[in-house]
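Encoded as structure tokens, the structure appears first; notes follow it.
Each value in this text was obtained by applying a stated rule to the coordinates, not by laboratory testing. Everything quoted here is computed from the prediction, not taken from an experiment. As a convention, Cβ positions derive from the backbone with ideal geometry for all residues, glycine included, and neighbour counts pool all protein chains shown.
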Ligand SMILES: Cc1cc2nc3c(=O)[nH]c(=O)nc-3n(C[C@H](O)[C@H](O)[C@H](O)COP(=O)(O)OP(=O)(O)OC[C@H]3O[C@@H](n4cnc5c(N)ncnc54)[C@H](O)[C@@H]3O)c2cc1C
Ligand code: FES
Ligand code: FES
């Protein structure tokens, strides 16, 4: 066992983990953060996407020990109390989901995309979330949701400036 | 699935890493970004006794200049490469190919050195390194360094000149600035997919003549390849559609690509000719 100190969604944890524990399993099984899901065995689907020190990663392809000393943000940590994050709200309003399995990863990947490119074109949105697969929606409403969130987030950022 | 149990070392310097590798027993795996290694371990296709994780070895990360060369640390991530000002100025071929690798989340972890050490013939960076005549700087037990040219680094399918106990430290490539045109042409069918075939081309023009041309082929055999016949046909030739098309027709010469569910060998050879034509035209400014 190896000790790790990690901040997840704003709370600090100190835990013993086996080195082979994947970050996603640590989050789900040890911390109970089951909002982050596992969709594949091949690092393709992106359902498990979280932010590690502010950057999107596939948490099934990072070891929990590698998060030692880091800050992790999951889908459970982005709302402000009961107020949804603009990206969550946009997925809800634009029907950016059907079964919802891909949604936690889609939202985390989309937030990462807007951080680097606040006003992406449709093409840039499709490229930006290419690591996230959806078996239900055909992506059209997902792209609309990201466009809506981009509009809202840049206008609030503008208002604050 | 989760990986089989292993002992874990997380060194912070190259010397510590070499010691951990030496002390790790029979089956030691170096972990860079883990974006190829962790999936393989999850499928239990690899079950190393010890994993030596390079993530905290800061000296291996970053890009610097050394005279006419760019020196890229093995642990420089794909997304570091895409943000790096020196790469933007002198390493456009590397940037173009890196942009096509996987997806943003994988590029946040996966590294330049890891992709080269992995030596997947479908990987996008090996053919680029070969086309650039990159030099691989390798550290061995005790810290001794040696340098291996790209032509000798890629030995076979997933096999490089790296010996047990060795570590890839950095990769040196020539700066290609003014006068050089580049293009990475990748053919795949769906998002985040590996290349079915891809071509890395870099061309230096002197007026209306091609002075130098270097062309690397991705996934046209068990290792990346140089399209030598095309290069020879281009040097000294006029920059024209006819000469480039005639030269590109030789792109599949001497190649033995595999057949798999994505493409038959003869289709891969066809793609190599078409993509070489496109890549050279773009690199030559046609
Ligand atoms: C979904 C997905 C899609 C992908 N698509 C593409 C693609 O389109 N094109 C492409 O090129 N790649 C693709 N990749 C692979 C990606 O580029 C990886 O980043 C890369 O292959 C391995 O880099 P890494 O840093 O993660 O290395 P790791 O996975 O950590 O290591 C890979 C191998 O190299 C060895 N190694 C690593 N670093 C060193 C070192 N410094 N010295 C000695 N040995 C070392 C390891 O022991 C291991 O055997 C994809 C990966 C995924 C998960
Ligand atoms: S679970 Fe599919 S990429 Fe992580
Ligand atoms: S909504 Fe079902 S997988 Fe995307």
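Between 0 and 90 degrees, rounded to the nearest ten: what's the tilt of helix B:14-23 against the longest Cα principal axis of chain B?
Value to nearest ten degrees: 60.
Along the Cα→Cβ direction, 7 angstrom out, place labels at residue B:133 and residue B:242. What is the inter-label distance in nm?
3.1 nm
Could you check which residue among B:190, B:101, B:28 shows the biggest mean-square fluctuation in a GNM of chain B with a 10 Å Cα cutoff?
Taking springs between Cα atoms under 10 Å, the residue moving most is B:190.
Can you pull the mean other chain C-beta count within 10 Å for peptide A:60-70?
Numbers: counts 4, 12, 8, 11, 0, 5, 9, 0, 3, 1, 0.
Per residue, the average neighbour count from other chains is 5.
Which whole-number value in Å³ per residue fits the convex hull of the alpha carbons of segment B:96-179? Before the final figure, lay out the partial values.
Working: hull volume 9.2 nm³, N = 84.
So the per-residue Cα hull volume is 110 Å³.
Decide, for the protein assembly as shown, between rounded, prolate and oblate: order the square roots of the alpha carbon gyration tensor eigenvalues as a ≥ b ≥ c, take rounded if a/c falls under 1.5, and otherwise choose prolate if a/b is larger than b/c, else oblate. Provide the component values of the computation, followed by the final result.
Working: a/c = 1.90, a/b = 1.31, b/c = 1.45.
Oblate shape, in that a/c is at least 1.5 and b/c is the bigger or equal ratio.
Restricting to Cα pairs below 8 Å that are 6+ residues apart, what does the relative contact order work out to for chain B? Please round to a whole percent. Don't skip to the end; give the middle numbers.
Values: 651 pairs, mean separation 43.2, N = 286.
This gives 15 percent for chain B.
Just to be sure I understand: with springs between alpha-carbon atoms less than 10 Å apart, which residue in B:70, B:37, B:168 has the highest mean-square fluctuation in the Gaussian network model of chain B?
Most flexible of the set in this elastic network: B:37.
Multiplying the sequence separation of residue B:235 and residue B:259 by 0.36 nm and subtracting their Cα-Cα distance, what value in nm do you get? Walk me through the intermediate numbers first.
On the way: separation 24, 0.36 × 24 = 8.64 nm, distance 3.19 nm.
Roughly 5.4 nm would be gained on extension.
Once a ≥ b ≥ c are taken as the square roots of the eigenvalues of the Cα gyration tensor of chain B, is the result rounded (a/c under 1.5), prolate (a/b larger than b/c) or oblate (a/b not larger than b/c)? If you can, show how the numbers build up before the last one.
Values: a/c = 2.16, a/b = 1.59, b/c = 1.36.
Prolate shape, in that a/c is at least 1.5 and a/b is the bigger ratio.
On C-alpha positions alone, give me the angle between the axis of helix A:103-116 and the longest principal axis of chain A, in degrees, nearest 10.
70 degrees
Taking R0 as 25 Å, what's the FRET efficiency between residue B:44 and residue B:159 from their Cβ-Cβ distance, rounded to 0.05? Walk me through the numbers before you get to the answer.
Numbers: r = 21 Å, r/R0 = 0.83.
Calculated value: 0.75.
Taking the Cα-to-Cβ direction at residue B:209 and at residue A:42 and moving 7 Å from each Cα, how far apart do the two end points lie in nm?
Each label point is offset 7 Å from its Cα along the Cβ direction, giving 5.1 nm.
Per-residue mean of other chain beta-carbon atoms within 10 angstrom of the beta-carbon, peptide B:94-105?
On the way: counts 0, 0, 0, 0, 0, 1, 0, 0, 5, 13, 15, 22.
What the average comes to for B:94-105 is 5.
Tell me, how many Å apart are the Cα centres for segment B:174-193 and for segment B:89-111?
10 Å
Give the shape of segment B:184-283 as rounded, prolate or oblate, defined through the alpha-carbon gyration tensor: a ≥ b ≥ c are the square roots of its eigenvalues, a/c under 1.5 means rounded, and otherwise the shape is prolate if a/b is larger than b/c and oblate if not. Before the final figure, lay out each step's value.
Numbers: a/c = 2.32, a/b = 1.89, b/c = 1.23.
The shape class here is prolate.
Enter the Cα centre distance for the pair segment B:211-286 and segment B:23-55, rounded to the nearest angstrom.
Between the Cα centre of segment B:211-286 and that of segment B:23-55, the gap is 35 Å.
Using 0.36 nm per residue of separation minus the Cα-Cα distance, give me the extension gain between residue A:30 and residue A:126 in nm, one decimal. Don't skip to the answer; put the middle values down first.
On the way: separation 96, 0.36 × 96 = 34.56 nm, distance 3.36 nm.
Gain in length upon complete extension: 31.2 nm.
Assuming R0 = 35 Å, can you tell me the calculated FRET efficiency for the pair residue A:53 and residue B:27, based on Cβ-Cβ distance, to the nearest 0.05? Don't skip to the answer; put the middle values down first.
Numbers: r = 31 Å, r/R0 = 0.88.
The pair residue A:53/residue B:27 has a calculated efficiency of 0.70.
Please give the FRET efficiency for residue B:228 paired with residue A:14, using the beta carbon to beta carbon distance and R0 = 60 Å, rounded to the nearest 0.05.
Working: r = 58 Å, r/R0 = 0.96.
Computed FRET efficiency for residue B:228 and residue A:14: 0.55.
Quick check: the angle from helix A:140-160's long axis to the longest principal axis of chain A, C-alpha only, nearest 10 degrees?
That works out to roughly 90 degrees.
In the Gaussian network model of chain B, springs joining C-alpha atoms below 10 Å, which of B:177, B:33, B:114 carries the largest mean-square fluctuation?
B:177
Just from its helices, what would the mean residue ellipticity at 222 nm be for the protein assembly as shown, if runs of 4 or more DSSP H residues each count -39500 (n - 2.57) and the sum is divided by every residue, rounded to the nearest 500 deg cm²/dmol? Please list the in-between numbers first.
On the way: 16 runs with 145 residues, N = 447.
Theoretical 222 nm ellipticity from helices: -9000 deg cm²/dmol.
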